[in-house]
Amino acid sequence: MKIAFFGECMIELSGLPLQRTFGGDTLNTALYLSRLGASRGLTVSYATALGTDNISQDMLGAWHAEGIETHMVKKLENKLPGIYLVETEPNGERHFHYWRNDSAAKFYFSELWSPLEQAIDNHRFDALYISGVSLAILAEEAKAVLITLLEKHKANGGMILFDNNFRPQLWTSKQAQYWYSQALPFADIALLTEQDEYAVWGKSDIVKRCQDIGCPEVVIKRGCEPCKVVSGLQSDYPDTVYVAANMVENVVDTCAAGDSFAAGYLAGRLSGSSETAAAELGHCLASIVIQYPGAIIPSEAMKELM
Ligand code: ADP
């Protein structure tokens, strides 16, 4: 099974002296799914836009080294990847500062030709994963193009996977409500962080909203609390399970907790596991990831899951 991701990966600067790494919600999930998927018959490709600079080239090299296909990456002259700085206060609290308003990924759909659309036309992958951030970074017309691609892929018999990942710096909750309502009717699996849903919609019934909009399977991530998985939402008998998170005594950095959970859940579900087993894999990977600094942990640290 082939899974394509669309989103933005940025240059990450963190630590003192500053270290340069890469990160971005969809890339984090793609990378972890690539690691978990190799032994489960899953392959991963990442669609985004980068520049023609050396750092963009380094990113491509890093993704290849993780087994991620990059045929759908556009290289735009005169554009660069976005960048963010992680500032850590003496008490350990972290602040993220972004420079991404003019980043290459924003312009992926700015010409008519898009490798993602071509790949959809040619049935080159089975599932397409996007997040709230994938939509948020795009101009309004480009958001609409992405939604038409979800519709097209779905009409071709493909699967759509959606993670809500709400970033209030990128858009208002009203805008997010509108575009989430455009994307969710196509989603086969929605991975929703409870806090993000409340930030977008206010405290409300998440499952009912998914059911009403046509989504059949929803996973509600709730930090260290059990996640709630509801499947068969479009049938007469939806099934709900709560799956306990793994206990972690020493949480080092929760960066990419939700992204890695999503990778684990999808690695399970897309290779035929039950919702419960998939959520257990998601929790297990996330519990390892939060015991390391940064979004991407060394692959040796998750060897037993691969
Ligand atoms: P997000 O990172 O998207 O905000 P959550 O905070 O809900 O999402 O975390 C995603 C997953 O990470 C959880 O479902 C759980 O598996 C794991 N996780 C997060 N925080 C903890 C914690 N304190 N202890 C154990 N697991 C955690």
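The values are calculated or read from the model by the stated rules, or taken from the named source; none is laboratory data. For clarity, every value in this text was computed on a predicted model and none was experimentally measured. Heads up, the Cβs are rebuilt from the backbone with ideal geometry, glycines too, and the neighbour counts pull from every protein chain shown. Only protein heavy atoms, including side chains, enter the accessible area calculation; ligands, DNA and RNA are left aside. Shrake-Rupley method; radii C 1.70, N 1.55, O 1.52, S 1.80 Å.
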Looking at segment 173-191, can you tell me whether even one residue there is more than 17 Å from the chain's Cα centre (by Cα) and open to solvent by less than 30 Å² (accessible area, probe 1.4 Å)? no
Assuming T276 fulfils every condition listed in (1) part of a helix (DSSP H, G or I); (2) open to solvent by less than 10 Å² (accessible area, probe 1.4 Å); (3) within 16 Å of the ligand (Cβ to nearest atom) apart from one, which condition is it? (2)
Exactly one condition in (1) surrounded by fewer than 18 Cβ atoms within 10 Å (Cβ to Cβ); (2) farther than 30 Å from L85 by Cα is false for V243; which is it? (1)
Set V229, V219: member being open to solvent by less than 10 Å² (accessible area, probe 1.4 Å), modelled with pLDDT of 95 or more, within 16 Å of the ligand (Cβ to nearest atom) and more than 16 Å from the chain's Cα centre (by Cα): V229
Considering each residue of segment 243-262, count those that are closer than 19 Å to D196 by Cα and either polar (S, T, N, Q) or more than 11 Å from the ligand (Cβ to nearest atom) (or both), and give that number. 2
Just to check your reading of the model, which residue among P238, P298 is surrounded by 13 or more Cβ atoms within 10 Å (Cβ to Cβ) and away from the ligand (no atom under 11 Å from the Cβ)? P238
Contact list please: Cβ distance under 9 Å, first residue in segment 226-244 and farther than 15 Å from C210 by Cα, second residue open to solvent by 40 Å² or more (accessible area, probe 1.4 Å) and away from the ligand (no atom under 16 Å from the Cβ), pairs at least six apart or on different chains. V241/S274
Criterion: over 22 Å from M302 (Cα atoms), away from the ligand (no atom under 16 Å from the Cβ) and β-branched (V, I, T) - qualifying residue of I213, I189: I213
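Please tell me if Q57 is over 19 Å from I11 (Cα atoms) and either open to solvent by 70 Å² or more (accessible area, probe 1.4 Å) or in a strand (DSSP E or B) (or both).
no
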Check on S39, open to solvent by 50 Å² or more (accessible area, probe 1.4 Å) and either assigned to a helix (DSSP H, G or I) or aliphatic (A, V, I, L, M) (or both): yes
